[in-house]
Amino acid sequence: MIAMKVPCVLLLFLVLGSPTGAQTPPPQVFDPVTSREFLKQLVADGVYNFISSKVAEGLVIHRVDPVLPHGDMMQRVSGTLIIAFEITTDGKVRRAMAVSGPRLLQAPVLAAVRQWTFKPYPSRGEPTTVATSIPLTVSNF
């Protein structure tokens with residue numbers, strides 16, 4: 001497993017998509033404000049290592065499924081959410097943010113992800129705080 005040192009501009013490109021708009025999700029699904037906030041927080045925290053979602057999923061020790069509220073509206077809501085967060089040196093989730101996905105599902109999914117624990121990501125033999133984003137599909141059907 002190799003963490004990539006990613007300059008802020010490249011990380012911004014990865015999170016926000018290509019500047020030409022060819023890869024940019026529709027505006028109603030993607031929240032660029034949250035993405036910018038997350039990137040600013042990464043820089044403030046000194047987190048410059050970004051790992052792929054596949055690597056992050058391989059580090060999960062304890063995963064909590066979201067508890068979705070009941071109701072007529074919630075029974076019809078489903079979709080994929082992109083959750084960006086940091087994994088600290090002790091394997092805890094820090095600063096989880098929903099980057100995209102149905103707004104009705106964001107609160108319960110974020111509450112669940114904040115309870116996850118991970119094996120610390122090793123870099124040069126030492127645990128390192130890393131950033132990642134994971135797609136989570138939620139269906140009430």
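Of all residues in the stretch 62-95, those satisfying the criterion of being within 15 Å of P127 (Cα to Cα) and of a type in the set (A, V, I, L, M) are I87, V93. Note on the stretch 63-92: residues that are without any contact (Cβ under 8 Å) to a residue 60 or more places away in the chain, under 14 Å from V113 (Cα atoms) and more than 16 Å from the chain's Cα centre (by Cα) total 1.
In the stretch 99-108, is there at least one residue being touching a Pro at 6+ places or on another chain (Cβ under 7 Å) and surrounded by fewer than 20 Cβ atoms within 10 Å (Cβ to Cβ)? Among the residues of the stretch 99-108, at least one is touching a Pro at 6+ places or on another chain (Cβ under 7 Å) and surrounded by fewer than 20 Cβ atoms within 10 Å (Cβ to Cβ), which makes the answer yes. Taken together, the residues in the stretch 93-141 that are under 14 Å from the mean Cα position of the chain (by Cα) and among the acidic types (D, E) amount to 0.
Taking the stretch 65-88 as the range and being within 24 Å of S35 (Cβ to Cβ) and surrounded by fewer than 19 Cβ atoms within 10 Å (Cβ to Cβ) as the test, the residues that pass are P66, V77, S78, G79, T80.
Let me confirm something: among V55, V47, V43, V99, which residue is aliphatic (A, V, I, L, M) and assigned to a loop (DSSP other than H, G, I, E, B)?
Going through V55, V47, V43, V99 in turn, the sole match is V47.
Of all residues in the stretch 100-121, those that are among the basic types (K, R) and at pLDDT 90 or above have Cβ atoms under 7 Å from Cβ atoms of residues that are assigned to a strand (DSSP E or B) and surrounded by fewer than 17 Cβ atoms within 10 Å (Cβ to Cβ), 6 or more apart or on another chain, in K119/I61.
The values are calculated or read from the model by the stated rules, or taken from the named source; none is laboratory data. All values reported here derive from a predicted model rather than from experimental measurement. Virtual Cβ from ideal backbone geometry, glycine too; neighbours counted across all protein chains shown.
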